[in-house]
Amino acid sequence: MKTARQIAVEALGKVNGSKGYSNIVIDKALEQSGLDLRDAAFATALFYGVLERMLTLDHCIAGFSKTPVEKLTPQVREILRVSLYQILYMDSVPDSAAVNEAVNLTRVFRKESAGGFVNGVLRAFLRSGKRVPRMAGSRADQLSIQYSCPVWLVQLWLDSYGEENTEGILKTSLGRPPVYIRVNTLKTTADALSVQLEEEGAVVRRDEMEENCLRVSGTGDVTALPAFQEGLFHVQDKSSQLCVKALDARPGMRVLDICAAPGGKSFTAAQWMHGEGELLAMDLYRARAALVAEGAQRLGIGCIAAKEGDASRYNSKLGLFDRVLCDAPCSGLGIIRRKPEIKYKNPEELGEIPQLQYNILSNSANYVKKGGILLYSTCTLNPGENEGVVERFLAEHRDFAPCRLPQSLGSSGHTVTLFPHQGDTDGFFISTMERVRHDDKD
């Protein structure tokens, strides 16, 4: 049977080689591995830890290897990364065990000739006192190595949000994120659910900003709890819950969630509506729309209709809505601690995203009735995808005007950026706009 370290090395090779999604790759690998819970947890910690710290680890390798990191074979590179991660960040693993297992892995992957090289690099690092080599250069260069984040992204945040916020973002990008759930107020209360979850072994903490938002820990996979199966909650980060609060959906309204899957915002909006009215949840793919429908059924929400639809193309048959939620596709730079591979994307790949977002937002506007609210949101920290898109939209759509957000979100205007280090949320952007004129569709 494969060891935890072997599985971590293989999974890292798939993510870094074929650009697979981290959660999908590691979940599939563990499902096929037959590891017990303890070893599976160790493999998971190695896998995500290396992804999070990869630039720092490569900087260490470069300091003690005559062969450039990019010239190493993929297996040897991942073996060194996994081993250095244990030495630097896992106090529970003896240094000698990390080195010995690294050499063993070269045999497992039929790279015996690299065994001496791997042993030499790791022991040289140990002799140095396990110190990360000093990084010269700009402040962005130094932060890049310290927090394992590409220089271009560090510089973007420094220019956009300042050094204090940038360091806060970088610090919270490492480590596992908190788990938040949303109380299904159509079936229970926060008090009752908290009691039940504690009886089921969870540690529960009420959120100060949103009463029906609970932070849960100490229980493993929360979707395996009986309370989840009973439809008493759904998993949703606090930032998304605050986003739906800003939508201000009310009972009896017509609401459109134009990019709905997997459905969390639709479910929360329906609860704000007390299950009364009509909520259309759309997604480009039929299978993902079906997931929304399944979730609504589990939660006992009858006012949601899930439908396949292209968010960038107008469908006049849908009619007009009181509220339209446009949670647009984005670069995901606000959820790096959930999917650390996101930060290693080529920045050139992000260049076309704002135009796509603008097209979807402009199409979403067609469905808003006079006096209705259009909400634009992303889970990224990039002004070009956030304020830039909203400013362009308002400049080119004079029938819309800025709409003030609730003060409880910490904004005095129509936009707000939620930073992970300030509210322990995902990085998130929210903007609300009101339709003040409607020339041909009233």
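The values are calculated or read from the model by the stated rules, or taken from the named source; none is laboratory data. Remember, predicted model here, so these are calculated numbers, not experimental data. With ideal geometry, Cβ positions are generated from the backbone for all residues, glycine too; neighbour counts draw on all protein chains shown. Note: accessible area is taken over every heavy atom of the protein model, side chains too, but ligands, DNA and RNA are not part of it. Shrake-Rupley method; radii C 1.70, N 1.55, O 1.52, S 1.80 Å.
The table for this structure:
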| quantity | calculated |
| --- | --- |
| Within region 189-307, strands (runs of 3 or more DSSP E) holding 2 or more residues that are open to solvent by less than 20 Å² (accessible area, probe 1.4 Å) and without any contact (Cβ under 8 Å) to a residue 40 or more places away in the chain | 213-217, 278-283 |
| Selection count, region 168-188, where residues are open to solvent by 50 Å² or more (accessible area, probe 1.4 Å) and either of a type in the set (Val, Ile, Thr) or within 23 Å of the chain's Cα centre (by Cα) (or both) | 4 |
| Among the residues listed as Lys28, Lys19, the single one being basic (Lys, Arg), open to solvent by 50 Å² or more (accessible area, probe 1.4 Å), in contact with a helix residue (DSSP H, G or I) (Cβ under 9 Å, 6 or more places away or on another chain) and at pLDDT 90 or above | Lys28 |
| Among (1) assigned to a strand (DSSP E or B); (2) open to solvent by 30 Å² or more (accessible area, probe 1.4 Å), the one test that Tyr314 misses | (1) |
| Criterion violated by Asn104 - all others in (1) crowded, with 19+ Cβ neighbours inside 10 Å; (2) out of contact with any helix residue (DSSP H, G or I) (no Cβ under 7 Å at 6 or more places or on another chain) satisfied | (1) |
| Of residues in region 107-133 being of a type in the set (S, T, N, Q) and assigned to a helix (DSSP H, G or I), the one surrounded by the fewest Cβ atoms within 10 Å (Cβ to Cβ) | Ser113 |
| Hits in region 86-120 - residues which are touching a residue at least 24 places away in the same chain (Cβ under 8 Å), under 18 Å from Arg53 (Cα atoms) and of a type in the set (A, V, I, L, M) | Ile87, Leu88, Met90, Ala98 |
| Residue in region 72-82 that is charged (D, E, K, R), open to solvent by 10 Å² or more (accessible area, probe 1.4 Å) and either part of a loop (DSSP other than H, G, I, E, B) or at pLDDT below 95 (or both) present | no |
